[in-house]
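First the structure, in the form of structure tokens, and then the observations on it.
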Amino acid sequence: MDSDLSSQDRKDLDKFIKFFALKTVQIIVQARLGEKISTCSSSSPTGSDWFNLAIKDIPEVTHEAKKALAGQLPGIGRSMCVEISLKTSEGDSMELETWCLEMNEKCDKDIKVSYTVYNRLSLLLKSLLAITRVTPAYKLSRKQGHDYVILYRIYFGDVQLTGLGEGFQSVRVGVVGTPIGTITLSCAYRTNLALMSSRQFERTGPIMGIIIDHFVERPFTNMAHMHPCSYRTPGEDEGGTYAGIEDSQEVCTTSFSTSPPSQMVVPGKEGGVPQVPAQPNHGTAAEHGRIPSFPNGQSPLPAQPTSCSSEVKTVFCDALETTFTRKVGAFVNKATTQVTTTSLDLPFAAFAPRANDLEVNDPMVHPPPSPAPSSPLQGSLHSNSSSHSGGQPQDDFVMVDFKPAFSKDDLLPMDLGTFYREFQNPPQLASLSIDVSAQSMAEDLDSLPEKLAIYEKNIDEFDAFVDTLQ
Amino acid sequence: MNCRSEVLEVSVEGRQVDEAMLALLHTILLHRSTGKFLYKKEGTYSIGTVGTQDVDCDFIDFTLVRVSSDELDRVIRKAVAEFKDALGNSGSDGMGQISLEFYQKKKSRWPFSDECIPWEVWSIKVNVVNLANEQERQICREKVGEKLGEKVINIVEVINRHEYLPKMPTQSEVDNVFDTSLKDVQPYLYKITYQITDSLGTSVSTTMRRLIKDTLAL
């Protein structure tokens, strides 16, 4: 069956399948990191961008994938699976989805390996990029944080779908026929999230205020780059050495030929490729070479659409000591990510409360004692015994220091709340507080003639004034 | 050669029209764009690298993946904005259709202008609904997000049938197959058109417009 395939084609095909498998794993795991992914387009290929797609290689993920493959390739009866699961902070875990890369016996002998198969594999990776954002686990992974994390496991061999619960759904990402079999990529995902929802319901009781927990060591950080094998052992094929395909000189095809098929030689292989760069699997790492390889480090992929090179995140070592996690009360939409005092990612990080002064001054946790007036003016208002119908405000109510949103103390001598309250109860106008009685009316009338006499004396002044107005 | 035609239908609220259209158009273009071709001697060429970008929608619970090309994004956004304006101004029930057509140019002899032969047409039918309150809008956000997910799966399904694609062109022919005007990616030649349906359900030809790459110009 393989005799129809030239040895060069066979070698190419094996290489394509191998790197396809590695890139598939990278796409899936990166899509579950909880962040938006962004890579740059480039018009000049470097030789390390397999399938003409800019997909970064997280070294730990590549390592895990190679370990699972153990020098073999996905083939007929040997599927490569990436299992995505969720683990709550209480230790419950649940499988969310399983991505399967399988091969069946249906061969397409006439297909051109170096060209058509390669391009179709590229298309399949693009489809995978789109589909990984569509399955339910994507939204869950974007919200992971302190309540739960997303983990991955790669295994090789038979597909195991029993952990997905009843009624799981399946979506096929695509197929690519090759001369040695048809590659199929699909995803089976859980639809029954019952465990998850009941747990959540128990946890989000009516929590008033903000509780701050300080984690000295983080039991789990941003998800999936965490070592998957720490909680599950892979199935089989755990041979230590990587026999078979050497990966030290892997360069992807970057040149194609427009010659008619009968003359196709794929010149790209022989010499058309520019100087062999650092090995592709390390190549991208060398380029962004500063991705730290801490076991508990943060994700190395910032979502920065405009810059191609990842930022150095060497603050993680220090950040470990000063990290705290904020649990948010019920009905708050977004679970906040972990905040460090040196965090570069958190917008308005300067406004995030510092670690040491959080709980003490937080008015939500410690309401001021009541009903003491909060400003001197407040006291004077209370003592103003006017006939104002408002009377003695707030004697029956517990005085809570009302801090309106966005108010700051440093601009005004009094804060907005006090200002507002005070001017809601203005003192009576002096003229209105005088009793209107006949007596005062008589007094007014008596004083009128005198006033009239004065005005008549000054009539010239008034006329001059009127003239100036005209 | 027959042109294959696919139709996708979505119902969205007014604010969601832009993002829903962008999501579907970008998903299709992601699959129908390659890296820039760099032709070398001896009839060989190399292909540039295509980057991708996740974009969260503001009014829909959905994240779309598009090629990393600001130029392409601008072109698509402009087309979608025109479509949305036309929908808003039409005074109809808010039904319309935006079409993304991939075509090949075939050179004809003078004095005839080049022919444009479509090989794939995607039509996205939109129905704009009005919602009364915030609660309905919240439900709509999620529902439309799920619907878009289903549409993405449909798109991927069609594309992975691996049906006709234009042959890779030689250097002299590349502009007949690909749009080489962008500096970072190279989509197949495409055009975006739209139609607004009035309340009787018939298409209103006066609102037909073309964002053209060529055709009538020559």
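Bear in mind that the values in this text are calculations on the coordinates, not laboratory data. What you are looking at is a predicted structure, and each value in this text was computed from that prediction instead of being measured. Every residue, glycine among them, receives a Cβ derived from its backbone with ideal geometry; neighbour counts consider all protein chains shown.
Summing +1 for each Lys or Arg and -1 for each Asp or Glu, what net charge is found among the other residues whose Cβ lies under 14 Å from the Cβ of B:F59? Result for the neighbourhood of B:F59: -3. Note on B:E146 and A:K112: their simple-model spin labels are 4.5 nm apart, each label 7 Å out from Cα toward Cβ. For chain B, a Gaussian network of Cα nodes joined below 10 Å ranks B:R74, B:R32, B:R15 by mean-square fluctuation, and the top entry is B:R74.
Rounded if a/c is under 1.5, else prolate if a/b is larger than b/c, else oblate: which is the stretch B:85-168, with a ≥ b ≥ c the root eigenvalues of its Cα gyration tensor? Oblate, because a/c is 1.5 or more while a/b does not exceed b/c.
The mean sequence separation of alpha-carbon pairs under 8 Å and at least six residues apart, normalised by the residue count of the stretch B:4-208, gives a relative contact order of 31 percent. Phi-derived couplings, Karplus 6.51 cos²θ - 1.76 cosθ + 1.60 at θ = phi - 60°, listed residue by residue for the stretch B:34-47: 10, x, 5, 7, 10, 7, 10, 6, 6, x, 9, 8, 10, 10 Hz, with x used for Gly and Pro. Treating each Cα of the stretch A:7-189 as one equal point scatterer and applying the Debye formula with no solvent, the log10 of I(q)/I(0) at q = 0.09, 0.10, 0.17, 0.18 Å⁻¹ comes out as -0.32, -0.39, -1.12, -1.25.
Among rounded, prolate and oblate, which fits the stretch A:50-135 when a ≥ b ≥ c are the square roots of the eigenvalues of its C-alpha gyration tensor, a/c under 1.5 means rounded, and a/b larger than b/c means prolate? Prolate, since a/c reaches 1.5 and a/b exceeds b/c.
In a GNM of chain B with a 10 Å cut-off on Cα contacts, which of B:G48, B:G96, B:G149 has the highest mean-square fluctuation? With Cα springs under 10 Å in chain B, the top fluctuation among B:G48, B:G96, B:G149 is at B:G48. Which entries of B:K78/B:K106; B:K105/B:K191; B:K106/B:K191; A:K36/A:K67 show an alpha-carbon separation above 23 angstrom in the structure shown? From B:K78/B:K106; B:K105/B:K191; B:K106/B:K191; A:K36/A:K67, over 23 Å: B:K78/B:K106; A:K36/A:K67. As a rough footprinting exposure proxy, the listed residues B:D18, A:D14 were ranked by other beta carbons within 10 Å of their own, and the order from fewest upward is A:D14, B:D18. Rounded if a/c is under 1.5, else prolate if a/b beats b/c, else oblate: with a ≥ b ≥ c from the C-alpha gyration tensor eigenvalues square-rooted, which is the stretch A:78-181? Prolate, since a/c reaches 1.5 and a/b exceeds b/c. Near B:G48, once Lys and Arg are set to +1 and Asp and Glu to -1 for all other residues with Cβ below 9 Å from its Cβ, the sum equals -1. Taking other Cβ atoms within 10 Å as a rough exposure proxy, A:R120, A:R190 sort from fewest to most as A:R120, A:R190. The label-point distance for B:N130 and B:E173, in a model that sets each label 7 Å from Cα toward Cβ, rounds to 5.4 nm.
Were the residues from A:F462 through A:K143 laid out at 0.36 nm apart, the gain over their Cα-Cα distance would be 107.1 nm. Taking every Cα-Cα distance in the stretch B:9-122 and sorting them into 10 Å bins starting at zero, the pair-distance distribution P(r) comes out as 11, 33, 32, 17, 7, 1 percent. Counting Lys and Arg as +1 and Asp and Glu as -1 over every other residue whose Cβ lies under 12 Å from the Cβ of A:L125, the net charge comes to +2.
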